[in-house]
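Shown next, in structure tokens, is the structure this report addresses.
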Amino acid sequence: MAEPVNTDRRRLLIGAVGVTGVFGVAAAAYPFISSWQPSARAKALGAPVTINIAALEPGGTVMVLWRGRPVYVVRRTPELLARLAKLADELVDPQSLASRQPEYAHNLARARDPEYFVVEGVCTHLSCAPAPQLSGPSRRPEIVAVWPGGFFCACHGSMYDAAGRVFKGVPAPANLPIPQYYFKTPAELVVGLDEAPPRSA
Ligand code: FES
């Protein structure tokens, strides 16, 4: 059974993390897909973007900008997926009942395909950009005890799991939003639409 976590302790750790920035994960550390995308104007208006995920290794992450926001695609390992079912007591909304996601992503993994997690990198506190840190803060074992990894918002220390679900005792009130998306092919994922538009005659 998972160890109960003291949320007061988590709050103290949040302060430490926010001040020292020990996570230090820059968005630039992730492959940023910027070529073969719609124009900046079209993207600002919400045009869908296509992400090639053919080279995405297990445990890897890519980022794309959609509607001016970072969208991450994480290829989750079996270990990351197994962890999702063990965190319910630590989360504000473990079943994502009050969170924003398409119906096909309203499940434990918050995804169409559990292996590929697609999420908007926009913190539900004050809209900073949480960064993926899926293996957790390896240099801070005391923080690993309360947060095993996922997404971390350095602005005020909000912690999310590997399905974008927010932990208790942090400023963010809700899980990270999931955008509309679909798999165009096994190697191509489209963000911004639920399905391919019908072919015109
Ligand atoms: S904006 Fe993310 S914790 Fe405040």
Fill in the blank from the handout: When region 165-174 is checked residue by residue, the ones that are within 14 Å of the chain's Cα centre (by Cα) and open to solvent by 20 Å² or more (accessible area, probe 1.4 Å) are 174
Exercise for the section: Answer yes or no as to whether residue 80 is away from the ligand (no atom under 16 Å from the Cβ), assigned to a loop (DSSP other than H, G, I, E, B) and not small (Gly, Ala, Ser). Expected result: no
Handout entry: Selection status of residue 148, more than 11 Å from the ligand (Cβ to nearest atom) and without any contact (Cβ under 8 Å) to a residue 60 or more places away in the chain
Key = no
Problem - residue 129 vs. criteria more than 13 Å from the ligand (Cβ to nearest atom) and either touching a Lys or Arg at 6+ places or on another chain (Cβ under 8 Å) or under 24 Å from residue 50 (Cα atoms) (or both) - result: no
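Residues checked against (1) crowded, with 17+ Cβ neighbours inside 10 Å; (2) modelled with pLDDT of 95 or more; (3) in a strand (DSSP E or B):
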site: 112; (1), (2), (3): yes, yes, no
site: 138; (1), (2), (3): no, no, no
site: 143; (1), (2), (3): yes, no, no
site: 155; (1), (2), (3): no, no, no
site: 163; (1), (2), (3): yes, yes, no
site: 176; (1), (2), (3): yes, yes, no
site: 183; (1), (2), (3): no, yes, yes
site: 195; (1), (2), (3): no, no, no
Practice task
Could you pull out the residue among 42, 47, 28 that is assigned to a helix (DSSP H, G or I), at pLDDT below 95 and farther than 18 Å from residue 129 by Cβ?
Solution key: 42
Exercise for the section: Test residue 89 against the stated conditions and say whether it is farther than 27 Å from residue 48 by Cα, open to solvent by 10 Å² or more (accessible area, probe 1.4 Å) and outside any loop (DSSP other than H, G, I, E, B). Expected result: yes
Exercise for the section: State yes or no: is residue 54 assigned to a loop (DSSP other than H, G, I, E, B), of a type in the set (Gly, Ala, Ser) and open to solvent by 50 Å² or more (accessible area, probe 1.4 Å)? Expected result: yes
Exercise for the section: Scan region 54-85 for residues that are of a type in the set (Val, Ile, Thr) and within 26 Å of residue 127 (Cβ to Cβ) and jot them down. Expected result: 61, 62, 64, 71, 73, 74
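The values are calculated or read from the model by the stated rules, or taken from the named source; none is laboratory data. This one's a predicted model, so the numbers in the text were calculated from it and none came from an experiment. We place every Cβ from the backbone using ideal geometry, glycine too, and count neighbours over all the protein chains shown. The area values use the complete protein model at the heavy-atom level, side chains included, leaving out ligands, DNA and RNA. Shrake-Rupley method; radii C 1.70, N 1.55, O 1.52, S 1.80 Å.
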